[in-house]
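Since the structure comes first, as structure tokens, the remarks are kept for the end.
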Amino acid sequence: MSFFKRIKDKLTPPEANVSLRFNKTSFVAGENVEGVLTVNSGDEFDAMEVRCEIQCVEEAKKIRHVYEERLHHEVDREFWDSATLFSLKPSLSGPMHLSNGFTKDFPFSVNIPVSGPATCKSLDRKVTWSLKGVIAIDGRPDVTSRTMEIQVAPPSAAPVIREKEIIREVVMVPCKYCSGLMPQTETSCPHCGAKRTV
């Protein structure tokens with residue numbers, strides 16, 4: 001292998017294609033994203049693993065006080081700050097050799113946590129969920145699919161069903177034998193067991 005070919009291989013990914021398919025793009029927190037990752041290779045190379053990656057990134061607009069040299073005082077500047085709230089990289093296959101013409105489907109199922117934030121896009125805040133497929137290669141750039149956004153909604157609260165309360169007035173009468181009070185609807189005394197005479 002020539003020196004230039006080795007340099008080119010270190011800087012460029014192999015000729016391969018990764019694509020993702022799933023039935024829907026809207027999910028509820030707690031639900032599984034299920035689909036198929038398809039790998040097509042037009043090159044011969046060794047892969048460390050095939051995986052899918054899901055992540056949730058929050059971006060928020062913030063104000064930063066910056067000293068402006070020209071004005072000789074601090075001014076407020078808006079900027080977008082971002083943080084990864086959730087990230088998962090489940091492996092779909094371990095090390096494997098891919099030959100020219102190799103094609104394979106890898107089914108996947110990735111859970112969106114119940115506590116995961118809902119997708120949101122406003123003037124000062126964005127929450128984005130995204131998914132992509134990856135062929136990880138040692139010593140070369142990885143082959144990745146295009147990043148696909150999914151919509152995540154909060155879990156719906158279970159409806160609270162309250163039983164109807166029925167308030168009835170119960171008339172109590174004394175037992176002829178033990179004088180204990182019993183409901184007028186009873187046929188025998190709950191205290192002594194005697195049959196009601198009246």
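We did not get these values from a lab; they are worked out from the coordinates using the rules stated. None of the values given here were measured: they were computed from a predicted structure. Don't worry about glycine lacking a Cβ; one is built from the backbone with ideal geometry, like all the others, and counts go over all protein chains shown.
Numerical summary
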quantity: Local electrostatic count, Ser93, Cβ distance below 9 Å [Lys/Arg +1, Asp/Glu -1]; calculated: +1
quantity: Whole-number percent relative contact order across the range 62-198, with pairs defined as alpha carbons under 8 Å at least 6 apart; calculated: 11
quantity: Coil-residue GluC sites (Glu not before Pro) of the range 62-148, DSSP, other Cβ within 10 Å capped at 13; calculated: Glu69
quantity: Amide H contacts of Glu31 (H built 1.01 Å from N, under 5 Å, at least 5 apart or other chain); calculated: Ile112
quantity: Check: the chain dipole with +1 on Lys, Arg Cβ and -1 on Asp, Glu Cβ, in debye; calculated: 700
quantity: Selection of trypsin sites (Lys or Arg not before Pro), the range 8-95, meeting DSSP coil and at most 16 other Cβ within 10 Å; calculated: Lys24, Arg70
quantity: Paramagnetic reach from Glu49 (point 7 Å along Cα→Cβ, amide N under 16 Å) across the range 115-134; calculated: 132-134
quantity: Isolated Cys in the chain, by beta carbon distance under 4.7 Å; calculated: Cys52, Cys56, Cys120
quantity: Cβ-derived FRET efficiency at R0 41 Å, Ser19 paired with Asp81, nearest 0.05; calculated: 0.80
quantity: Gyration tensor verdict on the chain (Cα atoms; rounded if a/c is under 1.5, prolate if a/b is larger than b/c, oblate otherwise); calculated: oblate
quantity: Karplus (6.51, -1.76, 1.60) ³J(HN,Hα), θ = phi - 60°, over the range 111-126, in Hz, Gly and Pro reported as x; calculated: 8, 8, x, 4, 7, x, x, 6, 4, 8, 9, 10, 5, 10, 8, 9
quantity: Shape of the range 87-158, Cα gyration tensor, a/c cut at 1.5; calculated: prolate
quantity: Charge-dipole axis of the range 1-146 as Lys and Arg at +1 and Asp and Glu at -1 on Cβ define it, positive-most pick from Ile112, Ser82, Ala47; calculated: Ala47
quantity: Sorted by Cβ density within 10 Å, fewest first, the residues Leu37, Leu85; calculated: Leu85, Leu37
quantity: Aspartates and glutamates with Cα under 15 Å of Lys195, excluding same-chain neighbours fewer than 8 positions away; calculated: Glu186
